Amino acid sequence: MGELYDTIGINYENLRRPDERIASAIHNALGPGETVLNVGAGTGSYEPSDRKVTAVEPSREMILKRSDFAAPAIQASAEVLPFDDNSFDTAMAVLTVHHWQDKEAGMRELRRVTRGRIVLLSFDPASRPWLTDYIPGLATLDESQMPVICEYEKWLGPVEIRPLPIPHDCTDGFLYAYWRRPEAYLDSRIRSGSSSFWALGDISKELARLSKDIETGIWVQRYAEILALQAYDAGYRLIIAKN
């Protein structure tokens, strides 16, 4: 994962600006713990500012992009966390689990170093956001790299699963964030902020079809129901494990 984000992290801090509504949901899920471990921390998105945060990030490029106000970051991987048992009150991992080489080992490490809650933001690969109608390779990729929801309980013990609807004007440009702004997917710069597009390779035919349907109004006709929504369940889930 570190090598991947050394490459795709070029525009990350501009395209992946944390959304305050998503931040609020994550922080509320963390509960009252004072010390927080953030694994796969990237540039520091969604780290709470009112607690003592320790960040772990495998990509040197992403660590260099962290602001002077961000928590200190250690270059390490989820599978081998350089901390003693029960070092932190809580832990978090935001849109990163699918990049871990050994997800079970990473979860075991999270549980080992955390006394209390573990909060993960991930994606349910059984979901089918409308973008997969145009780019079916995304659904195939989701299925291959995203853990199925039932696996979290196997790894962490009892978990609470909360849907996280995405606001229509979400400021964070993750994969399905532009659900009500389809033209955004035609912009190569915006696509560069999502690791999935880097993994897919040439999707020019799929994008040409989307462009045509937007231009002719077919897209609006097909997805008229979601255009009236302020937030959309695109498949993102908060997974909360309590110790």
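The values are calculated or read from the model by the stated rules, or taken from the named source; none is laboratory data. The structure presented is a predicted model; accordingly, all values stated were derived computationally and were not measured. Positions of Cβ are backbone-derived with ideal geometry, glycine not excepted, and every protein chain shown enters the neighbour counts.
Annotations for the structure displayed:
- Qualifying residue in the stretch 180-189 (condition: surrounded by 14 or more Cβ atoms within 10 Å (Cβ to Cβ), within 15 Å of the chain's Cα centre (by Cα) and closer than 17 Å to TYR236 by Cβ): no
- Tabulated pairs, the stretch 58-77, first among the aromatic types (Phe, Trp, Tyr), second assigned to a loop (DSSP other than H, G, I, E, B), C-beta under 9 angstrom, 6+ apart or interchain: PHE69/GLY44; PHE69/SER49
- Of the numbered criteria (1) more than 30 Å from ALA208 (Cβ to Cβ); (2) over 13 Å from the mean Cα position of the chain (by Cα); (3) not in a loop (DSSP other than H, G, I, E, B), the one MET92 fails is (2).
- Residues in the stretch 229-238 include none that are in a helix (DSSP H, G or I) and either exposed (fewer than 14 other Cβ atoms within 10 Å of the Cβ) or more than 25 Å from the chain's Cα centre (by Cα) (or both).
- SER194 falls short on exactly one of the conditions (1) touching a helix residue (DSSP H, G or I) at 6+ places or on another chain (Cβ under 7 Å); (2) within 28 Å of TRP155 (Cα to Cα); (3) without any contact (Cβ under 8 Å) to a residue 24 or more places away in the chain, and that condition is (1).
- Residue that is among the polar types (S, T, N, Q) and touching a Gly at 6+ places or on another chain (Cβ under 8 Å), where the choices are THR114, THR96, THR54, THR132: THR96
- Test: residue in the stretch 119-135 that is assigned to a loop (DSSP other than H, G, I, E, B), among the β-branched types (Val, Ile, Thr), without any contact (Cβ under 8 Å) to a residue 60 or more places away in the chain and more than 23 Å from SER87 (Cβ to Cβ): no
- Selection count where residues are part of a helix (DSSP H, G or I), out of contact with any Lys or Arg (no Cβ under 9 Å at 6 or more places or on another chain) and without any contact (Cβ under 8 Å) to a residue 40 or more places away in the chain, scope the stretch 208-218: 6
- The combined condition, being within 21 Å of ARG209 (Cβ to Cβ) and either aliphatic (A, V, I, L, M) or at pLDDT 95 or above (or both), is fulfilled by THR132.
- In the set (1) at pLDDT 95 or above; (2) more than 30 Å from GLN221 (Cβ to Cβ), the condition left unmet by LEU64 is number (1).
- Filtered by the rule that a residue be more than 23 Å from LEU200 (Cα to Cα) and free of Cβ contacts under 8 Å to residues at least 24 places away in the same chain, the stretch 155-188 gives a lone residue, ASP169.
- ALA139 being assigned to a loop (DSSP other than H, G, I, E, B), under 19 Å from the mean Cα position of the chain (by Cα) and without any contact (Cβ under 8 Å) to a residue 24 or more places away in the chain: no
- Test for ARG117: is it of a type outside the set (A, V, I, L, M), at pLDDT 95 or above and surrounded by 19 or more Cβ atoms within 10 Å (Cβ to Cβ): yes
- Residue match in the stretch 200-222 (condition: within 18 Å of the chain's Cα centre (by Cα) and not charged (D, E, K, R)): yes
- Qualifying residues in the stretch 150-169 (those that are in a helix (DSSP H, G or I) and touching a strand residue (DSSP E or B) at 6+ places or on another chain (Cβ under 6 Å)) - the one farthest from MET107 (Cα to Cα): GLU153
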